[in-house]
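Let me begin by presenting the structure, written as structure tokens, before commenting on it.
The values are calculated or read from the model by the stated rules, or taken from the named source; none is laboratory data. The structure presented is a predicted model; accordingly, all values stated were derived computationally and were not measured. Heads up, the Cβs are rebuilt from the backbone with ideal geometry, glycines too, and the neighbour counts pull from every protein chain shown. Just the protein is used for accessible areas: all its heavy atoms, side chains included, with ligands, DNA and RNA removed. Shrake-Rupley method; radii C 1.70, N 1.55, O 1.52, S 1.80 Å.
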Amino acid sequence: NIPKTSLVVVYCLGMGSSPIGATASQINGNVLVLQGDGNVELGPPQPLCLPASVVQPQTIAVMTAAEFSINITAKGTGYTYPLLARNAVTNNEVIMQLAPIPPYFVYDGFEQDLDAALVLERVMSVSPTMNNMFIH
């Protein structure tokens, strides 16, 4: 988690294409999504065209749960960024750049960006066994 990182809620994931026999479109092979709620004043939701590489997993350096726990306990609530120096982080994980999240976790993110830590907290606070609604 990078402090003060916000997430953009997008929906209607699709892939761009070009008509057969026509000049290749600029969106051909790119990921297309919609962002925002749209209304009478603003018009329809905004489309975003992202490179196809956003659906490829990425390997990043992350703290283990034990490292995080030790460092946050040592520094307390008044810690500043970074919690642990980058060269001290030795654990690597593969993550998705786009993550499918049920909309009820990000209902307030259609009109504004959400804090990454808040979204993670929402997702982690729910056990799939709590209700059939959470089984996907």
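Scanning the range 76-92 for residues that are at pLDDT 80 or above and either within 25 Å of V8 (Cβ to Cβ) or not in a loop (DSSP other than H, G, I, E, B) (or both) turns up N87, A88, N91, N92. For the range 93-108, does any single residue satisfy the condition of being open to solvent by less than 60 Å² (accessible area, probe 1.4 Å) and in a helix (DSSP H, G or I)? Scanning the range 93-108 turns up at least one residue that is open to solvent by less than 60 Å² (accessible area, probe 1.4 Å) and in a helix (DSSP H, G or I).
Per this entry, G36 is counted among residues that are of a type in the set (G, A, S), modelled with pLDDT under 80 and open to solvent by less than 40 Å² (accessible area, probe 1.4 Å). Would you mind finding the one in A66, A24 that is among the small types (G, A, S) and closer than 21 Å to V123 by Cα? From the options A66, A24, the qualifying one is A66.
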